[in-house]
Structures are given as structure tokens and as C-alpha cells.
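> One structure is given below, represented as C-alpha cells, and several questions about it will come after.
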Amino acid sequence: MTKQHGSQVHEIRFIALDLDDTVLLPDKTISERTKAAIRAAAAGGCSVILASARPIRSVLWYAEQLGIHT
């Protein structure tokens, strides 16, 4: 995945996302728009890292919902 900044093009290798108050809505779900954006980044070759203080089983459940492979 690439991003252009002015005349420079940068390769985005990974994105790290906090789950609570960033990816998750107040009802602890993920919007379809957010799911689509994360899936598009992963499909473009970008590694997606989920950051959280949640137990690993909870993080893995959300990763599964997003189609992120560990």
C-alpha cells in the first residue's frame, strides 16, 4: 500500500489500531465502513496490528471479524 505526500511516495507497511474508542463503536461493534477500510489495507499488503489491553481471546475474536490472520 502506498501513500503520496507531496512529490514523495511512501510505502505503508503496517498500521496499528487501538480497539477501544478507536476501532470499536460505543456498543463494542465495528462499523461496516471501518471493516471495509481495514480489509482494504490488508488486501493492499499492509499488515494490520490490533493493540489493546483486552485479553488475547477478545482481540482474536475481533481479528477474526475483520479477517485479519495471525
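The values are calculated or read from the model by the stated rules, or taken from the named source; none is laboratory data. As the structure is a prediction and not an experimental result, all values here were calculated from the model. Here the Cβ is made from the backbone with ideal geometry for all residues, glycine too, and neighbour counts use every protein chain on show. Note: accessible area is taken over every heavy atom of the protein model, side chains too, but ligands, DNA and RNA are not part of it. Shrake-Rupley method; radii C 1.70, N 1.55, O 1.52, S 1.80 Å.
> Please identify which residues in region 45-70 have an amide N closer than 15 Å to a label point set 7 Å out from the Cα of Ala16, following the Cα→Cβ vector.
Only 47-54 fall inside the zone, counting backbone N under 15 Å.
> On average, how much accessible surface per residue is there in the chain, in Å², for a 1.4 Å probe, leaving out ligands, DNA and RNA? Mind dumping the intermediate values first?
Working: 5170 Å² over 70 residues.
Each residue of the chain exposes 74 Å² on average to a 1.4 Å probe.
> Loop by DSSP (not H, G, I, E, B), at most 15 other beta-carbon atoms within 10 Å: where is the longest site-free stretch of the chain for trypsin sites (Lys or Arg not before Pro)?
On the way: sites that count: Arg13, Lys28.
Counting at most 15 other Cβ atoms within 10 Å as exposed, the longest clean stretch of the chain is 29-70.
> Still on this model: Less than 13 Å Cβ to Cβ from Ala51, Lys/Arg counted +1 and Asp/Glu -1: what total charge do the surrounding residues give? If you can, show how the numbers build up before the last one.
Values: positive: Arg54; negative: Asp18, Asp20, Asp21.
With Lys, Arg at +1 and Asp, Glu at -1, the neighbours total -2.
> Normalising by the residue count of the chain, find the relative contact order in percent from Cα pairs under 8 Å and 6+ residues apart. Spell out each step's value before the answer.
On the way: 65 pairs, mean separation 22.6, N = 70.
Across the chain, relative contact order equals 32 percent.
> Next up: What is the percent carbon and sulfur in the accessible area of the chain, measuring with a 1.4 Å probe over the protein chains and ignoring ligands? The partial results should precede the final answer.
Numbers: 2790 of 5170 Å².
Solvent-exposed carbon and sulfur of the chain make up 54 percent of the total.
> Using only alpha carbons, build the gyration tensor for the chain and give me the equivalent ellipsoid semi-axes, biggest first, whole Å. Working shown, then result.
Working: eigenvalues 116, 31, 25 Å².
Gyration-tensor ellipsoid for the chain: 24, 13, 11 Å.
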